[in-house]
1. Between residue B:187 and residue B:256, 0.36 nm times their residue separation minus their Cα-Cα distance comes to what?
2. First measure r as the distance between the Cβ atoms of residue A:106 and residue B:85, then evaluate 1/(1 + (r/R0)^6) with R0 = 45 Å and state the FRET efficiency to the nearest 0.05.
3. To the nearest whole number, what is the average tally of beta carbon atoms from other chains within 10 Å of the beta carbons of peptide A:88-101?
4. Quick check: residue separation of residue B:13 and residue B:391 times 0.36 nm, minus the Cα distance between them. What number comes out in nm?
5. Any chance you could run the full-extension gain for residue B:280 through residue B:199? It's 0.36 nm times the residue separation minus the Cα-Cα distance, nm to one decimal.
6. Would you kindly give the portion of the calculated P(r) for the protein assembly as shown that falls above 34 Å, as a percent of all Cα pairs?
7. If I build a Gaussian network model for chain B, linking alpha-carbon pairs within less than 10 angstrom, which residue out of B:18, B:53, B:274 has the largest mean-square fluctuation?
8. I'd like the mean, over residues of B:72-79, of how many other protein chain beta carbons sit within 10 Å of each residue's own Cβ.
């Protein structure tokens with residue numbers, strides 16, 4: 001059982017107008033990021049990532065992660081520019097069946113038959129972090145006060 | 001303790017093979033082992049089968065069943081487990097067991113749950129009939145992403161006693177098949193069935209044709225080529241493009257035959273199975289192929305096929321492990337692996353990759369009751385073949401997990 005996704009984050013992840021990126025690594029060791037066109041969150045907290053291209057490096061990397069239990073990362077930014085990092089492990093590659101065919105028909109309609117649907121990846125979430133820069137910076141200064149430029153704390 | 005009872009002590013276990021072959025995904029090793037050892041179903045597993053939802057019909061050679069046993073399985077990576085029902089007496093090893101765990105089918109070994117699986121789902125056209133009244137599932141078989149067209153039930157290498165391939169279970173069916181028509185299909189039924197299948201959007205990605213070798217004709221194999229041309233033209237009538245994703249698994253045709261086939265049909269991929277990668281073993285194991293084509297000529301025809309269909313659209317099937325059959329196969333797994341991979345390298349340098357199935361000493365074959373290799377051998381064979389394909393930059397899609405699903409080594413091309 002993975003980590004639950006909050007309703008707020010679910011809305012961010014499923015909003016196709018926002019920037020969302022999937023970052024993965026594979027057999028050849030090439031880290032790769034690509035824009036997420038469609039993603040949804042299941043009731044059990046798992047994420048569905050829709051991959052349109054069979055031959056994409058992301059598709060290759062996701063099967064590598066599924067086979068070897070390796071984490072991938074999803075980056076998302078909300079409308080207020082708050083950033084999120086979600087890590088998870090692909091658990092299932094859905095390539096056929098009633099659900100796949102229903103989603104396939106939606107893709108055909110949306111892209112007027114010009115785009116295929118390769119795989120719907122089910123990803124079990126292992127961690128969720130808010131990676132907003134201001135918050136991260138504040139946390140860093142509190143945790144490691146040794147690591148900052150002196151002029152930032154110098155008297156005026 | 002009998003030989004069959006203590007087989008686990010004589011060869012590395014799945015867990016040990018996983019540790020010893022860290023570059024091969026554990027799920028692929030399980031797939032290879034399930035293919036090697038076969039499966040049985042418990043009653044609880046069969047109770048999960050719904051023949052309205054799951055694919056339980058099979059038409060293959062003379063087998064025409066419509067029962068309550070799933071034709072195959074898929075693990076969670078979306079690939080296929082095309083498995084045979086086995087007993088310890090047939091394979092000399094315990095088969096894996098499919099049982100129910102929390103209402104889900106699971107593969108078990110020695111009482112331990114190994115991996116969740118699901119049963120293949122039935123395509124929509126399986127419940128339909130053609131306008132001639134033929135049940136469509138008897139015309140075209142389905143895999144999760146593939147339409148399978150089996151054109152004929154007889155391989156004429158068996159016309160000469162002992163001429164067929166020694167691992168092939170069709171041997172036992174030859175006498176029933178030898179007088180049947182060259183093509184078992186009615187082309188109107190075929191055209192209609194493929195058309196009905198294509199209406200299920202998102203289901204199918206390719207069409208595979210295969211059948212037994214037909215030696216007759218003005219030139220040897222001309223009649224086989226003519227049959228496939230007619231069949232492919234009937235199939236092709238359903239497409240708006242000149243060519244359509246398709247694969248023909250057939251005999252190795254000469255230049256004239258192959259160019260005719262390519263010119264007159266929409267075929268995209270070609271797989272003449274060489275079966276075993278060694279001239280001497282080929283001659284022993286596939287005497288008919290040796291007599292009518294020959295090992296070196298088979299290879300030459302493969303290379304020419306790359307010129308016709310393009311790199312990545314031609315491969316060849318091998319029966320992985322059969323090169324160790326007794327008494328004339330390689331004596332050790334090390335020797336078998338070295339020679340097989342050396343030969344695969346030469347093929348790949350000419351643009352031809354290999355799709356290895358897992359040899360099962362099938363009842364009905366000349367090699368029935370033989371001992372197949374260890375799982376460790378298959379691990380090294382599949383990894384070696386994948387590395388050779390990558391090194392020679394041959395695209396993996398012709399025979400991959402969607403377009404076939406029978407070959408663990410081609411599954412590795414996914415990553």
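1. Values: separation 69, 0.36 × 69 = 24.84 nm, distance 2.47 nm.
In short, 22.4 nm is gained.
2. Numbers: r = 39 Å, r/R0 = 0.86.
The pair residue A:106/residue B:85 has a calculated efficiency of 0.70.
3. Numbers: counts 0, 0, 2, 3, 6, 8, 2, 10, 14, 8, 3, 0, 5, 6.
Whole-number average of other-chain Cβ neighbours for A:88-101 is 5.
4. Details: separation 378, 0.36 × 378 = 136.08 nm, distance 3.00 nm.
Full extension of this stretch gives 133.1 nm more.
5. That works out to 24.4 nm of additional length.
6. Values: 70905 of 162735 pairs.
Every Cα pair in the protein assembly as shown considered, those over 34 Å come to 44 percent.
7. So, out of B:18, B:53, B:274, the one fluctuating most is B:53.
8. Working: counts 0, 0, 4, 2, 7, 10, 12, 3.
Mean inter-chain Cβ contacts per residue within 10 Å come to 5.
A short reminder: the numbers here are calculations on the coordinates, not readings from a lab. None of the values given here were measured: they were computed from a predicted structure. Quick reminder, even Gly has a Cβ in these numbers, built from the backbone with ideal geometry, and neighbours come from all protein chains shown.
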